[in-house]
Amino acid sequence: SIVISGCSAVPRIEGFLYPPAKVAVLPLDNETVDLKGPEYIKTLFSEKLAKRGYHLVEPRQVDEALKSFGVTDAGQIKHINLQELGKKLEVDGIFYGTLKDFSFKHVIVAGLKRVEVQIQFINAQTGKAVWSAQAEASSSGASLAPLEKAMGSTPLANEAKEVIAKLMYKLPKM
């Protein structure tokens, strides 16, 4: 795990693969009661990785490969050989993580929104985790979350984007 303070640069990490590495982003394990949160966070994270220059395996290919290992739920991923999955997907590395919190609590006119994500990078050649980071974001105040949800938008969009920005900041750079 890497700790960042102030403006210090993220050090190079042995075994970490930098763009234009080919990577897979696996579904997030979900420790929340929100069924859409993991996919939303995975999509945001994948978009940022692509902008950073990583070549991403299509989500459909990832899902098919996981099914071939008997995985039908992200919580099962920790029980498979990620080195073998990497070979099957023909990737250099794998991003895998857990959605720890994706909640908004509404009390009368105030609300608390909170998103927390843990991500790790697995070197597909070795099957070993070589980088890990956790980020969280929260806000409180007047809550429009019930209205936002009723209108079909994501009430936790700002907090989710902040978490992804923090994770991308922690991601090693060349």
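The values are calculated or read from the model by the stated rules, or taken from the named source; none is laboratory data. Keep in mind it's a predicted model, so treat the numbers as computed, not measured. Cβ sites come from the backbone with ideal geometry, for glycine too, and all protein chains shown count toward neighbours. Surface areas here come from the heavy atoms of the whole protein model, side chains and all, with no ligands, DNA or RNA. Shrake-Rupley method; radii C 1.70, N 1.55, O 1.52, S 1.80 Å.
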How many residues are open to solvent by less than 30 Å² (accessible area, probe 1.4 Å) and farther than 18 Å from Lys42 by Cβ if we restrict to the stretch 108-120?
-> 1
Long-range neighbours under 6 Å by Cβ, at least six apart or interchain, first residue over 15 Å from Thr98 (Cα atoms) and in a loop (DSSP other than H, G, I, E, B) within the stretch 111-131, second modelled with pLDDT of 95 or more and not acidic (Asp, Glu) | Ala124/Gly86; Ala124/Val91; Ala124/Gly93; Ala124/Ile94; Gly127/Leu82; Gly127/Gln83
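Those residues that are modelled with pLDDT of 80 or more and small (Gly, Ala, Ser), I need them from the stretch 134-174; list them, please.
Here is the first cut: in the stretch 134-174, the ones modelled with pLDDT of 80 or more are 134-140, 155-173.
The answer is Ala135, Ala137, Ser138, Ser139, Ser140, Ala157, Ala160, Ala165.
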Candidates Phe104, Phe95 - the one that is at pLDDT below 95, part of a strand (DSSP E or B) and either open to solvent by 20 Å² or more (accessible area, probe 1.4 Å) or not acidic (Asp, Glu) (or both) | Phe104
Where in the stretch 35-91 are the helices (runs of 4 or more DSSP H), entirely inside, with at least 1 residues that are without any contact (Cβ under 8 Å) to a residue 12 or more places away in the chain and loosely packed, with under 13 Cβ neighbours inside 10 Å?
-> 37-52, 59-68
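If you scan the stretch 121-138, which residues turn out to be farther than 14 Å from Gln83 by Cβ and surrounded by 17 or more Cβ atoms within 10 Å (Cβ to Cβ)?
Matches in the stretch 121-138: Trp131, Ala133, Gln134, Ala135, Ala137.
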A careful count of residues in the stretch 75-122 that are farther than 21 Å from Ser139 by Cβ and among the hydroxyl-bearing types (Ser, Thr, Tyr) gives 2
